1. Can you confirm whether the range 150-158 contains a residue that is within 17 Å of the chain's Cα centre (by Cα), among the charged types (D, E, K, R) and in a loop (DSSP other than H, G, I, E, B)?
2. Which residue is modelled with the highest pLDDT, if the candidates are limited to the range 127-148 and must be loosely packed, with under 15 Cβ neighbours inside 10 Å and of a type in the set (D, E, K, R)?
3. Quick test for you: out of E155, E113, E126, pick the one residue that is farther than 26 Å from L60 by Cα, free of Cβ contacts under 8 Å to residues at least 24 places away in the same chain and acidic (D, E).
4. Scan the range 191-217 residue by residue and report those that are free of Cβ contacts under 8 Å to residues at least 40 places away in the same chain and closer than 18 Å to A260 by Cβ.
5. Among the residues of the range 237-255, which ones are surrounded by 14 or more Cβ atoms within 10 Å (Cβ to Cβ) and either among the polar types (S, T, N, Q) or farther than 21 Å from F221 by Cβ (or both)?
6. Looking at G236, G266, can you tell me which residue is part of a strand (DSSP E or B), under 22 Å from D87 (Cβ atoms) and not hydrophobic (A, V, I, L, M, F, W, C)?
7. Restricting attention to the range 180-199, does a residue exist that is under 22 Å from L63 (Cβ atoms) and out of contact with any Ser or Thr (no Cβ under 7 Å at 6 or more places or on another chain)?
8. For L60, work out the one condition from (1) without any contact (Cβ under 8 Å) to a residue 24 or more places away in the chain; (2) surrounded by 14 or more Cβ atoms within 10 Å (Cβ to Cβ) it doesn't fulfil.
Amino acid sequence: MKKYINFISLVVVLGLVAACSKDTSSPYAALGSEKYPQKFYMEYVPCMQGADYSLEAFNLKMLPSWQVLLEETNSPLVSAWGLVHEDPQESDTEDGFWQLVWNSKADAASAWETWTGYDKANEWTEENLNILNCNNESVYSFDAYVRRSIDSFGEFDTTNFSSDYQACSYNDGYGAKDLRATIEKFEDYLNSPDANNGPYGYVVLAPDPDNYPAGQEQPDFFWGNFNQTAEQRVLGLEQYLANAQDVQNEFNKISTCEVAENYVSGEIPLI
């Protein structure tokens, strides 16, 4: 992205998300296979807007200095995104999330160690609490499996798009292998004439049990989507349910999901 955007319009790159079987010793990685050639480690840092938050303050003060710090610490960060609730509720415990995408869990751990040990980074955090206060002690971490390019069905404008997420649990007797099989059927639908996709993408997120906020219940997987607009999201879901109910029945058989959370999304530029 070449222009800056309001954190109230930032986001994550997510689509259909899923992962982990309760029966494995390393559940958060259970979904991975040769079918998922792109694997990332993603972290979501909850953030609250400070008393002095404004678009100008974020764009002109907070963001440029963060970009400089990334260069100074030689950060291996792949990309960064922001998301805020499309329809904020009083019950929300955060205004949004700062999403960090890494090539591996090891890269994330190394970068955090460098960041927290760098005096300038700590000073940056303190100096900007009045603009944006992000809780680095309560990070939601995932293995992320990306099946196809986000531009598979048309070029995505990552400066502003719609994302949604569902927390899901496997039904008794089902696990990651069943999810993989059902995703194959979903892929068949996406490649059929019945799917009027427009710009659309999805990813599979598996909670990392070693790096998840204490006291927070971990679902077996998250299932989310990204569409270019909220209107396209609604239309795409209507078409899917009308033309691929058999696929949705398979998902319902293997898992039970909560109501989706909708977000306004956008890329946070690294440079």
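1. Among the residues of the range 150-158, at least one is within 17 Å of the chain's Cα centre (by Cα), among the charged types (D, E, K, R) and in a loop (DSSP other than H, G, I, E, B), which makes the answer yes.
2. E127
3. On inspection, the qualifying residue turns out to be E113.
4. Selection gives E217 alone.
5. Step one: list which residues in the range 237-255 are surrounded by 14 or more Cβ atoms within 10 Å (Cβ to Cβ), which gives 237, 239-240, 243-244, 247-248, 250-251, 254-255.
Across the range 237-255, the qualifying residues are Q239, N243, Q248, S255.
6. Values: G236 fails: part of a strand (DSSP E or B).
It is G266.
7. Scanning the range 180-199 turns up no residue that is under 22 Å from L63 (Cβ atoms) and out of contact with any Ser or Thr (no Cβ under 7 Å at 6 or more places or on another chain).
8. Unmet condition: (2).
The values are calculated or read from the model by the stated rules, or taken from the named source; none is laboratory data. Owing to the predicted nature of the structure, the values given are computational and were not obtained by experimental measurement. Note: ideal-geometry Cβ built from the backbone for every residue, glycine included; neighbour counts use all protein chains shown.
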